């Protein structure tokens with residue numbers, strides 16, 4: 001089976017540090033796969049908040065996740081501090097890919113790379129909408 005390869009964008013636009021909590025640990029004693037997506041969600045919310053946005057209001061538009069992929073590089077354990085470095089790539093008329101590089105603060109080891117596909121969404125009309133020009137200009141210049 002072919003492995004997924006996630007290339008990181010050149011520019012990191014935001015980073016934040018999150019702690020691995022006991023509820024994030026699976027029966028193998030390390031960070032669970034579903035916990036990575038929860039932590040990525042927290043990192044995404046912090047990124048948006050740093051810009052004055054929410055998931056329901058990015059320049060007047062909502063966002064919705066269309067897909068996700070994770071490539072694991074190392075284990076993480078309870079109490080580890082992980083830095084999530086975010087970058088944006090693959091812009092299209094309706095959205096972009098949000099890329100995450102996850103690094104263990106204690107060891108400097110890369111723990112994982114994640115990608116979440118993001119499109120802009122009108123929650124009232126329940127349909128995809130075009131990327132707001134002000135948002136696109138902010139990150140594609």
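FYI, it's all coordinate maths here, none of it is from the lab. All of these numbers come straight from a predicted model, not from anything done at the bench. All Cβ positions, glycine included, derive from the backbone under ideal geometry; neighbour counts span all protein chains shown.
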remark   = In degrees rounded to 10, the 0-90 angle between helix 33-50 Cα long axis and the longest Cα principal axis of the chain is 50
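From the mean inverse distance of alpha carbon pairs (Kirkwood) and the Cα radius of gyration, derive Rg over Rh for the range 14-140. Numbers along the way, then the final one.
Values: Rg = 15.4 Å, Rh = 15.3 Å.
Ratio of gyration radius to Kirkwood radius for the range 14-140: 1.01.
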Cα-based Rg of the range 50-106 normalised by 2.2 N^0.38 Å, two decimals = 1.41
inquiry  = Test of understanding: ordering 4, 64, 131 by Cβ neighbours within 10 Å, fewest first, what list do you get?
reply    = 4, 64, 131
remark   = Rg/Rh of the range 65-141 (Cα atoms, Kirkwood Rh), to two decimals, equals 1.10
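Using the Kirkwood radius over Cα pairs, work out the Stokes-Einstein diffusion coefficient for the range 1-66 at 4 °C and 1.567 mPa s, in µm²/s as a whole number.
90
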key: Rounded Å value of the spacing that divides the Cα centres of the range 83-101 and the range 11-39   = 18
query = Of 89, 50, how do they rank once you tally other Cβ atoms within 10 Å and put the fewest first?
reply = 50, 89
